[in-house]
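Student: Here's a structure for you.
The values are calculated or read from the model by the stated rules, or taken from the named source; none is laboratory data. None of the values given here were measured: they were computed from a predicted structure. A quick note on method: Cβ atoms are made from the backbone with ideal geometry, for glycine too, and the neighbour counts reach across all protein chains shown. Only protein heavy atoms, including side chains, enter the accessible area calculation; ligands, DNA and RNA are left aside. Shrake-Rupley method; radii C 1.70, N 1.55, O 1.52, S 1.80 Å.
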Amino acid sequence: MSGEKIRLNTEWLCDCGGCHVALVDLHEKILKVLESVEILKCPVLTDEKNYPAADIGILTGSIRTEHDRHAALEMRKQCRTIIAFGTCAVYGGLHGAGLAHTREEILNHVYRQSPTTRTDFLPNNSVSNLEKMVTPIDEVIDVDLYLPGCPPHPHFIFEGLSALIEQRSPRAGKESVCAGCRRTMTKTEVAAIREITDGVPDNDTCFLSQGYICQGSVTLDRCLAPCPNHGVPCSGCAGPTMQVLTEPTRDIRTEIGERMSRLTRIPYETVKGHLEKSAKTQYAYAMATRMIGNKPTFLIRKWIAEGEAR
Ligand code: SF4
Ligand code: SF4
Ligand code: SF4
């Protein structure tokens, strides 16, 4: 690089703010980044309302409001390289689960029916309009670099930013969370699916072998597997592996169903049915991406209707 610093804009769309906090989680490594980067716009650090011309633009969150769409388009116009940062930006993220309901159902629930937040009126024109769908940003603008994770682990954030600063390709593997998990998959005689509140899981054995649903094998490792290594099954927050995303008939429930039925005595159809019944949870992070939502085998509205009819 020449002596000039790289100009950076960041902007958040529909999100929880956690991805911006994750930037600060770089701790002392942020000083290394700042040797080469000048932050022009960042909602948590600067009071810049406009979109200055920049070399790198980090977008967190997905598009759910008219303001989100405007902000994404402005960032694309002004930034040479756009990073979709975090699972919300890449796949729609957790609030993609809203796609299981209509916009009217969501507004009614939040503003008219929820006992804790009820106001009995809907937001007026002074609030940016809620769009019909949750949209990952690459369905609206071109994206140059994808960095999923909820939020991405500082290891991958630093590697991604360093790669851009050094003008090289980022080093990021395609392994699943299982690759970083220290539990062992073993064949067991477990015959029923357990909730995480049922009993105390053994610390060394794969959750699937014990009858607990764990999404580690269908989730891309952008977190270094903290959850299964600390006693909690993976809920898939970094988004699916490439295999789940790209194989038309394979997905979260078929992959976990096959693996779990091989590791236990629980039949494949039982696992698959369980995942369909809890699909809003199991597919929450990625259902807004067309790669999941448009699969002919992804039938969340049917599964919800069947669940409500039971
Ligand atoms: S990806 Fe996760 S941490 Fe980042 S903004 Fe979305 S919900 Fe928050
Ligand atoms: S499925 Fe979960 S518990 Fe089993 S090895 Fe993979 S991450 Fe670990
Ligand atoms: S282990 Fe799973 S749930 Fe935990 S941070 Fe990683 S991807 Fe998210």
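Student: Among the residues of region 60-73, is any in a helix (DSSP H, G or I), under 24 Å from Arg168 (Cβ atoms) and open to solvent by less than 70 Å² (accessible area, probe 1.4 Å)? Let's see the steps before the verdict.
Tutor: Residues of region 60-73 in a helix (DSSP H, G or I): 66-73.
Next, from what is left, pick out any that are under 24 Å from Arg168 (Cβ atoms): none.
Within region 60-73, not a single residue is in a helix (DSSP H, G or I), under 24 Å from Arg168 (Cβ atoms) and open to solvent by less than 70 Å² (accessible area, probe 1.4 Å).
Student: Hey, Gly273 hits all of (1) more than 16 Å from ligand 1 (Cβ to nearest atom); (2) under 24 Å from His155 (Cβ atoms) but one; which does it fall short on?
Tutor: Every condition holds for Gly273 apart from (2).
Student: Quick one: which of Ala191, Ala238, Ala172 is open to solvent by less than 20 Å² (accessible area, probe 1.4 Å), among the small types (Gly, Ala, Ser) and not assigned by TED's automatic domain parsing to the domain that holds Gly61?
Tutor: Among Ala191, Ala238, Ala172, only Ala238 is open to solvent by less than 20 Å² (accessible area, probe 1.4 Å), among the small types (Gly, Ala, Ser) and not assigned by TED's automatic domain parsing to the domain that holds Gly61.
Student: Okay, next question. So, in region 172-185, of the ones that are of a type outside the set (Gly, Ala, Ser), under 20 Å from the mean Cα position of the chain (by Cα) and not in a helix (DSSP H, G or I), which residue ends up modelled with the highest pLDDT?
Tutor: Once the filter is applied, the top-ranked residue is Cys181.
Student: Sticking with this one: Taking the stated definitions as given, is Arg253 assigned to a helix (DSSP H, G or I), more than 16 Å from ligand 3 (Cβ to nearest atom) and not polar (S, T, N, Q)?
Tutor: yes
Student: A further question follows. Among the listed residues Leu40, Leu23, Leu31, which satisfies the condition of being more than 30 Å from Thr102 (Cβ to Cβ), touching a Lys or Arg at 6+ places or on another chain (Cβ under 7 Å), away from ligand 3 (no atom under 16 Å from the Cβ) and not in a loop (DSSP other than H, G, I, E, B)?
Tutor: Going through Leu40, Leu23, Leu31 in turn, just one is more than 30 Å from Thr102 (Cβ to Cβ), touching a Lys or Arg at 6+ places or on another chain (Cβ under 7 Å), away from ligand 3 (no atom under 16 Å from the Cβ) and not in a loop (DSSP other than H, G, I, E, B): Leu40.
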